[in-house]
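Working notes, structure below.
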Amino acid sequence: MRIDKWLWAARFFKTRSAAAQAIGGGKVHVNGDRIKPARLIRLGDRVEVSRGRQRMVVVVDALNTQRRPAKEAQGLYRETEASRLNREREAECRRQLKGPFPHRMHRPNKRERREIRRLTGKGGNP
């Protein structure tokens, strides 16, 4: 079975074209190797999928060409223990860093926007 079809059926990506685009962009590796969308996947293969900040390492347990409900799709793979722990740790760090922000009653003015850019490291001139 093709890896792009399997990623779509396992619900890692919403469409097959999105799966193929991620594979072409180097966001998916099988057994540590960069692949192409037509690569055949087998039972027991180790698949690493990166979506945004989230990175999952799973082992292929079953193959299915049809996109089924999420509960059934989760049966196609099992996530490695190290991957699960790492993902949970990163999620907890993001929750702690988020912190409470005061509610503003107005849009930020020029000075406040500069301060926001300076603190977040985003934007143009500091």
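The values are calculated or read from the model by the stated rules, or taken from the named source; none is laboratory data. What you see is a predicted model, and the numbers here were worked out from it, not measured in a lab. Cβ placement follows ideal geometry from the backbone for every residue including glycine, while neighbour counts extend to all protein chains displayed.
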Query raised in the report: Out of curiosity, is V60 within 15 Å of the chain's Cα centre (by Cα), surrounded by 16 or more Cβ atoms within 10 Å (Cβ to Cβ) and at pLDDT 95 or above?
Result: no
Report task. Go through the stretch 55-93 and give me each residue that's within 19 Å of D45 (Cβ to Cβ) and basic (K, R). Result -> R55, R78, R84
Query raised in the report: Can you name the residue in the stretch 5-29 that is more than 15 Å from the chain's Cα centre (by Cα) and surrounded by 18 or more Cβ atoms within 10 Å (Cβ to Cβ) and is also nearest to E72 (Cα to Cα) among such residues?
Result: A9
**Report entry** Residues satisfying the stated conditions in the stretch 1-54, i.e. in contact with a helix residue (DSSP H, G or I) (Cβ under 6 Å, 6 or more places away or on another chain), part of a loop (DSSP other than H, G, I, E, B) and closer than 22 Å to E90 by Cβ
**Finding:** A10, R11, F13
